[in-house]
Amino acid sequence: MASNTEISAFPHRHLLGIHGLSQQDIMTLLDKADHYVSLNRQQNKKSDALRGRTQINLFFESSTRTQSSFELAGKRLGADVMNMSVASSAMNKGETLIDTAVTLNAMNPDLIVVRHGDSGAVALLAQKVSCAVLNAGDGAHEHPTQALLDALTIRNRLGRLNGLKVAICGDIAHSRVARSNIALLNIMGSQVNLIGPKTLIPKDVDRLGARVFHSMRQGLAGCDIIMMLRVQHERMSGNLIPSTREYYHLYGLDDEKLSYAKPDALVMHPGPMNRGVEIDSSVADHPTKSLIRDQVEMGVAVRMAALELLAGNLDGASL
Amino acid sequence: MSAIIFQNVRVLDPANNLDAVTNLRVADGVIAEIGALTAHDNEQIIDGKGCALIPGLIDMQVWTGEPGFEHKETLASASLAAARGGVTTMIVMPNTQPVIDDAALVDFISRRARDTAVTRVIPMAAITKGCNSDQLTEFALLREAGAIAFTNGDHSIMNALTMRHAMSYASNFDALVVHHAMDENLFSVGVMNEGELSTRLGLSGIPAAAETVMIDRDLRLVALTGARYHLAQVSSEMSLPAIAEARRNGHRVSCGVSANHLLLNENDVENYRSFAKLNPPLRGESDRLALVNALSLGLIDVVVSAHNPQDADAKRQPFNQAAFGSIGVETLLTSLISLHHAEGIDLLTVLRTVTQRPAEILGLETGTLSIGAPADITLVDLGAPWVISADDLASKSKNAALDDRRVQGRVEACFVAGKPVFTRAAKA
């Protein structure tokens with residue numbers, strides 16, 4: 001909770017998920033992020049909003065784009081940023097997550113950005129530290145900054161987040177990106193269609209506020225936005241999907257399947273892409289329909305906004 | 001041995017359908033007399049006014065850490081918890097290190113219990129060597145050493161042929177086969193009930209079918225072999241019809257449920273609460289209600305604590321990595337009394353599941369207050385409200401799924417063979 005006596009613009013100590021945020025919280029984050037989109041396009045990209053603050057990026061799962069995005073965000077705001085990856089951490093020596101949290105906390109960081117392979121692990125860590133925690137992805141649970149950057153990307157192109165029809169296609173069962181996006185789009189008043197084979201659609205997911213389809217033709221009908229999810233290679237070798245060839249045949253987004261959606265539908269992907277598996281290059285690289293590069297740019301801005309808003313709630317932050 | 005007289009106490013004995021306020025005399029370690037009694041000289045008199053006297057509980061499923069994991073629980077520490085909870089007989093599972101799959105190890109458990117435990121401790125032995133192989137253990141030798149039944153504890157026997165042979169061979173001796181019915185392939189990497197909540201939390205679900213598939217298989221094998229079969233724990237409503245049908249067809253099939261599954265449901269794992277991570281998993285509220293109903297109808301025979309001590313390091317982990325299981329031997333009786341108060345199930349009916357029925361299934365002479373039976377008895381205040389606090393429980397491990405739960409029914413004293421093993425200190 002905010003230590004300031006005035007009501008904070010963003011009344012949350014941590015950013016653990018989209019679940020629990022209000023429409024106003026999301027608008028606050030996106031508005032703040034918009035400001036940083038402009039800043040990031042200038043020659044001098046530096047702000048001093050986090051000057052003197054220490055940010056630790058603690059990644060138990062390897063990540064290139066999310067980790068570098070958070071690192072750049074922290075540095076542009078003037079924070080001291082330290083990256084810790086699991087390969088060099090004591091977790092490999094048998095230390096528990098809670099011990100790691102207590103150890104890091106003793107170094108007095110102000111912000112910890114955490115990615116972990118287990119759902120709920122980031123919330124568990126957040127209980128044991130006195131600083132602000134940002135979830136950079138926990139298992140198949142949430143990846144809030146991804147959903148926020150997707151929202152910012154959509155809003156900047158279409159001018160709104162309500163009344164849209166958004167398809168999320170692929171491995172819903174194992175996707176934290178899908179869960180955060182379902183939550184955010186519901187809060188903002190858009191409709192979500194989930195598309196994938198039955199083996200990759202988790203039980204009762206419709207009760208999270210989405211319609212479920214198993215065919216691209218039906219699921220994409222009338223959609224404004226198509227979010228493709230990455231299909232992990234390990235799913236291909238098991239018995240969830242028989243082969244990449246079959247998956248591409250049914251769910252790979254090519255020009256033909258794209259034509260099932262609205263004529264001006266836009267395509268997104270959280271990356272990294274498997275070209276020829278879930279998406280065809282002609283779609284991924286389309287100059288007007290693909291928002292994939294915009295998403296990366298928005299990512300830095302959204303993370304700057306989240307870091308700044310959470311830092312503003314820390315003890316000792318000036319109003 | 002001096003005698004004890006309990007005066008003005010509500011005597012509840014399911015085996016004799018007895019529920020009356022009367023007096024009960026214990027002499028020479030057995031139940032000597034019930035009715036209008038006059039105390040002789042040098043007899044200890046206990047005024048049981050306001051309390052109930054019930055047979056000491058038989059808990060049919062208890063894991064301890066002895067041998068191998070004594071830092072989690074010893075036979076001694078588990079027995080202290082049991083005595084505080086009114087449990088006078090613990091049936092301990094063979095999943096120790098080493099596994100109880102050899103007559104010498106059964107003997108070890110019995111001797112350690114005799115020397116260190118305050119309650120009775122009776123081991124079940126493994127069905128297969130190591131609880132994870134397809135090689136049968138020496139059922140005859142194990143029985144002679146004191147194994148009361150055969151089970152692989154929390155391991156399932158996936159190989160149907162192995163299970164067929166185990167049942168066939170056990171029926172040579174009319175030995176009881178106890179099974180944790182769970183298809184491990186369907187269980188897969190699951191950590192909780194499969195449904196909306198697992199989807200929302202991003203956790204891998206365990207479908208009810210993982211249980212029903214295995215129960216269906218086992219019941220076919222029971223029909224094939226004629227074995228006596230006990231389903232250790234049922235968790236899903238979907239499992240009940242098959243059990244009822246097997247009974248109608250005359251098969252000797254009994255089943256158990258854990259107290260946790262009668263009081264809690266899957267929502268108790270919300271916020272990744274790993275203390276409620278159980279195997280079988282807590283299911284939905286409709287499943288819980290179906291289990292409670294099956295218990296009241298007698299379709300479920302036995303309630304167990306499924307006492308499974310895990311240290312803090314094993315539980316205070318991300319939900320995926322946390323160990324399964326909860327302690328519970330100390331709270332088994334209070335759970336059932338609370339169920340009686342909350343769901344209106346007849347007291348004798350709930351008590352039968354932890355006294356008469358386990359005694360019948362296992363062939364024990366305890367579990368009743370019949371004249372001449374061993375004086376394993378528990379004095380309990382049926383109405384006393386309290387809040388379970390894991391830190392106050394006697395178990396070495398504190399992983400209680402029922403932590404913070406408001407309950408009713410508190411054990412005042414517990415006797416094994418007429419000797420007090422627990423007496424609640426008088427309030428200051």
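The values are calculated or read from the model by the stated rules, or taken from the named source; none is laboratory data. Everything numeric in this text was worked out from a predicted model, so none of it was measured. Here the Cβ is made from the backbone with ideal geometry for all residues, glycine too, and neighbour counts use every protein chain on show. Areas reflect the complete protein model, heavy atoms only, side chains present, ligands, DNA and RNA absent. Shrake-Rupley method; radii C 1.70, N 1.55, O 1.52, S 1.80 Å.
Results, tabulated for the structure shown:
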item	result
Residue ID - surrounded by the most Cβ atoms within 10 Å (Cβ to Cβ), chosen from residues in the stretch B:174-217 that are of a type in the set (Asp, Glu) and facing another protein chain (nearest Cβ under 10 Å)	B:GLU194
B:GLN321 open to solvent by 20 Å² or more (accessible area, probe 1.4 Å), within 13 Å of chain A (Cβ to nearest Cβ), free of Cβ contacts under 8 Å to residues at least 24 places away in the same chain and farther than 26 Å from B:GLY86 by Cα	yes
Candidate set: the stretch A:31-53, residues that are more than 21 Å from A:VAL133 (Cβ to Cβ) and within 18 Å of the chain's Cα centre (by Cα); chosen: the one surrounded by the fewest Cβ atoms within 10 Å (Cβ to Cβ)	A:ASP31
Wholly within the stretch A:165-257, strands (runs of 3 or more DSSP E) carrying at least 3 residues that are surrounded by fewer than 19 Cβ atoms within 10 Å (Cβ to Cβ)	A:211-213
Failed condition for A:ILE292, given (1) surrounded by fewer than 17 Cβ atoms within 10 Å (Cβ to Cβ); (2) over 20 Å from A:PRO197 (Cβ atoms)	(1)
Strands (runs of 3 or more DSSP E) wholly inside the stretch B:45-158 that include at least 1 residues being within 30 Å of B:LYS315 (Cα to Cα)	B:57-62, B:87-92, B:120-123
Scan of the stretch A:275-288 for residues that are in a loop (DSSP other than H, G, I, E, B) and either in contact with an Asp or Glu (Cβ under 6 Å, 6 or more places away or on another chain) or surrounded by fewer than 19 Cβ atoms within 10 Å (Cβ to Cβ) (or both), ordered by number	A:GLY276, A:ASP280, A:ASP285, A:HIS286, A:PRO287, A:THR288
Positions within the stretch B:328-379 being farther than 24 Å from B:ILE46 by Cβ, among the charged types (D, E, K, R) and either more than 17 Å from the chain's Cα centre (by Cα) or open to solvent by less than 20 Å² (accessible area, probe 1.4 Å) (or both), in sequence order	B:GLU343, B:ASP346
Which numbered condition B:GLY367 fails, given (1) on the phi > 0 side of the Ramachandran plot; (2) of a type in the set (Gly, Ala, Ser); (3) in a helix (DSSP H, G or I)	(3)
Number of positions in the stretch A:13-30 that are open to solvent by less than 50 Å² (accessible area, probe 1.4 Å) and either without any contact (Cβ under 8 Å) to a residue 40 or more places away in the chain or not polar (S, T, N, Q) (or both)	9
Qualifying residue in the stretch A:221-238 (condition: under 19 Å from B:LEU203 (Cα atoms), touching a Leu at 6+ places or on another chain (Cβ under 7 Å) and not charged (D, E, K, R))	no
Whichever residue in the stretch A:106-135 is closer than 17 Å to B:ARG273 by Cα, without any contact (Cβ under 8 Å) to a residue 40 or more places away in the chain and open to solvent by 10 Å² or more (accessible area, probe 1.4 Å) and, among such residues, is nearest to the other protein chains (Cβ to nearest Cβ)	A:ASP118
Restricting the stretch B:290-315 to residues that are within 11 Å of chain A (Cβ to nearest Cβ) and in contact with a Ser or Thr (Cβ under 7 Å, 6 or more places away or on another chain), the residue that is most open to solvent (accessible area, probe 1.4 Å)	B:ASP313
Extreme residue, farthest from the other protein chains (Cβ to nearest Cβ), among residues of the stretch B:324-334 that are on the phi < 0 side of the Ramachandran plot and out of contact with any Ser or Thr (no Cβ under 8 Å at 6 or more places or on another chain)	B:THR334
Residue satisfying all of: in the stretch A:218-255; basic (Lys, Arg) and closer than 19 Å to A:ALA140 by Cβ; nearest to the chain's Cα centre (by Cα) among these	A:ARG230
Among (1) touching a Leu at 6+ places or on another chain (Cβ under 8 Å); (2) closer than 18 Å to A:ILE172 by Cβ; (3) assigned to a helix (DSSP H, G or I); (4) not hydrophobic (A, V, I, L, M, F, W, C) - the single one A:PRO270 does not satisfy	(3)
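Listed here are the residues, each with its yes/no results for (1) within 14 Å of another protein chain (Cβ to nearest Cβ); (2) under 20 Å from B:ILE58 (Cα atoms); (3) of a type in the set (D, E, K, R); (4) open to solvent by less than 50 Å² (accessible area, probe 1.4 Å).
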position: B:ALA242; (1), (2), (3), (4): no, no, no, yes
position: B:ARG247; (1), (2), (3), (4): no, no, yes, no
position: B:CYS255; (1), (2), (3), (4): no, yes, no, yes
position: B:SER258; (1), (2), (3), (4): no, yes, no, yes
position: B:LEU264; (1), (2), (3), (4): no, no, no, yes
position: B:GLU270; (1), (2), (3), (4): yes, no, yes, no
position: B:PHE275; (1), (2), (3), (4): yes, no, no, no
position: B:ARG283; (1), (2), (3), (4): yes, no, yes, yes
position: B:ARG288; (1), (2), (3), (4): no, no, yes, yes
